[in-house]
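Below: the structure, in structure tokens.
The values are calculated or read from the model by the stated rules, or taken from the named source; none is laboratory data. No experiment lies behind these values; they were computed from the predicted model shown. Methodologically, a virtual Cβ is constructed for each residue, glycine included, from the backbone with ideal geometry; neighbour enumeration extends over all protein chains shown. Note: areas computed on protein heavy atoms with side chains; ligands, DNA, RNA excluded. Shrake-Rupley method; radii C 1.70, N 1.55, O 1.52, S 1.80 Å.
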Amino acid sequence: ACRAAPETDHSGFNTAVGGRIRITKILDAADGGRSLIGSTVAVCGWIRTIRGQKGLTFLKLNDGSTFREIQVVLEGEAKGMDSLKSQGAGASVRVEGKVVESPAKGQEVEISCNIPEHGVKIIGEVDPKVYPLAKKFHSAEFLRTIAHLRPRTNLVGAVSRVRNALAMATHNFFQDRGFLYVNTPIITTADCEGAGEMFRISSGEATDTKAKAKEGDAAADEFFGQPTFLTVSGQLSAENMCCSLGDVYTFGPTFRAENSSTTRHLAEFWMIEPEMAFADINDDMDCAEQYIRHCAQVILDTCGPDLEFFNGRVDKEAKERLELIASSPFKRISYTEAVEELQQVVSRGDTQFEYEVAWGKELQTEHEKWLTDVIYKRPTIVYNYPKECKAFYMRLNDDDKTVAAMDILVPGIGELVGGSQREERLSVLDARMDDLGLNKNDYWWYRELRQYGSVPHAGFGVGFERLIMLCTGVQNIRDVIPFPRYPGHAAF
């Protein structure tokens, strides 16, 4: 039956089960839950393990609010004990009992159910014989085939909480500094990167576009009257907003039709993209460094149990890496200096790279990792790249050879952030577009920003999934997003 809305209450929305307390409120409390000893509580969650012993039943429950599981001990006259005999891991239950001091190692308290008013109620049953997440090792590849259930695993559960913490850290960082959150379109006609690796949008039945083009009516089959694509970046649209509203940021999904199956690439991924008005490349580097260091500190401060798991089971350097990022200024070097450093490494015979190090060529992942992991042993910002290596919208420097672009490279990952001061001079922008063979009519609105009150401005982009990889040590990008999209896979 419908009821009147209650007064504002932060205890949760859980009347369907008669109320509950989240397990994190017990186990992650400053005193480990000891202040609740003697209190009767109700918790809901999914059974991780269940075992019987001399009239006792032991449950380990997790509700997703924390990495930790709470132990429940049922005995004597507790209700529902018989209903557990046919259940196993994965069943959802509600437990009501008393918080007591735990004799078990690694936890301050547990829940005891030993009187008729206490007990367990099965909410959702499970057949232990067919439940795919039995208590044994499961490979990451297998877990991707059951993406609807893998959040129940330690790995994906912990990744999900870190992902949430980083999303909140992102909004808090920019909001606290006066940035305006804006929403940029997913459907676009512009190729921000100029690489052409975009998903084209169509509606209705598949048509032979080439055949239609020959007939001269291709545009008639376009839903929007012209070819449209899924965006690879919200940057160009964010610049529109920046040049009227000042500092802005966008945070949303982006898409790339790159036929790559590496552990670092996805077809659908999320980007954080701020744009700053009246700013140059130095402001850009300062903001990006502060943002990354802020994110590292937030994970250290708020994701303790999850970080301990990553540090112990995934990457033993995860916590140390975050502490380094949060506490130490980043190294800053020009692209030219980076090339010279790497060439000296090769000439001394310290290492041999697969890809040649030469001025004018892009730095490869192996070069980036050598800079951060071996030479400087800390995050490194490389700036002033050759114009041939970068996109058309990056501001041309006075040497006419380099652009005011920067990348932040981090240990273990390589490139994490890419940004630049944007080209605000229309004549220079037009010349760059001509050099790259871009149709200026496709960017008429972008060019008009340079005609009507142009200002120096700068921005950068951060791949959200790569940021999560940095904070967790997870090596495959497909395991840091709930439902990964990559060539040949778009299930769930």
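State whether the residues of the stretch 137-145 include one that is buried (at least 18 other Cβ atoms within 10 Å of the Cβ), out of contact with any Cys (no Cβ under 9 Å at 6 or more places or on another chain) and part of a strand (DSSP E or B). No: zero hits. Set side by side, the residues 111, 123 differ, and just one is open to solvent by 80 Å² or more (accessible area, probe 1.4 Å), assigned to a strand (DSSP E or B) and at pLDDT 95 or above, which is 123.
For the stretch 355-367, residues that are acidic (Asp, Glu) and more than 11 Å from residue 335 (Cα to Cα) total 2. A search for C-beta distances below 7 Å between a residue of the stretch 320-348 that is in contact (Cβ under 8 Å) with a residue 40 or more places away in the chain and any residue that is assigned to a helix (DSSP H, G or I) and open to solvent by less than 30 Å² (accessible area, probe 1.4 Å), counting only pairs 6+ apart in sequence or on different chains, returns 322/296; 322/299; 322/471; 325/292; 325/296; 330/289; 332/285; 338/371.
The set of residues in the stretch 240-262 that are small (Gly, Ala, Ser) and either touching a residue at least 40 places away in the same chain (Cβ under 8 Å) or in contact with a strand residue (DSSP E or B) (Cβ under 6 Å, 6 or more places away or on another chain) (or both) comprises 246, 252, 257, 260, 261.
In the stretch 59-69, is there at least one residue being assigned to a loop (DSSP other than H, G, I, E, B), open to solvent by less than 70 Å² (accessible area, probe 1.4 Å) and under 18 Å from residue 37 (Cα atoms)? Within the stretch 59-69 (the criterion being assigned to a loop (DSSP other than H, G, I, E, B), open to solvent by less than 70 Å² (accessible area, probe 1.4 Å) and under 18 Å from residue 37 (Cα atoms)), the answer is yes, since at least one residue qualifies. Screening residue 286 on (1) open to solvent by less than 20 Å² (accessible area, probe 1.4 Å); (2) under 27 Å from residue 248 (Cβ atoms); (3) free of Cβ contacts under 8 Å to residues at least 40 places away in the same chain shows it passes everything except condition (1). Of everything in the stretch 290-322 that is under 22 Å from residue 170 (Cα atoms) and aromatic (Phe, Trp, Tyr), the residue that is surrounded by the most Cβ atoms within 10 Å (Cβ to Cβ) is 310. The residue that is nearest to residue 135 (Cα to Cα), among those in the stretch 22-58 that are open to solvent by 70 Å² or more (accessible area, probe 1.4 Å) and of a type in the set (Lys, Arg), is 51.
Regarding residue 180, is this residue at pLDDT 95 or above and more than 16 Å from residue 248 (Cβ to Cβ)? Against the criterion (at pLDDT 95 or above and more than 16 Å from residue 248 (Cβ to Cβ)), residue 180 does not qualify.
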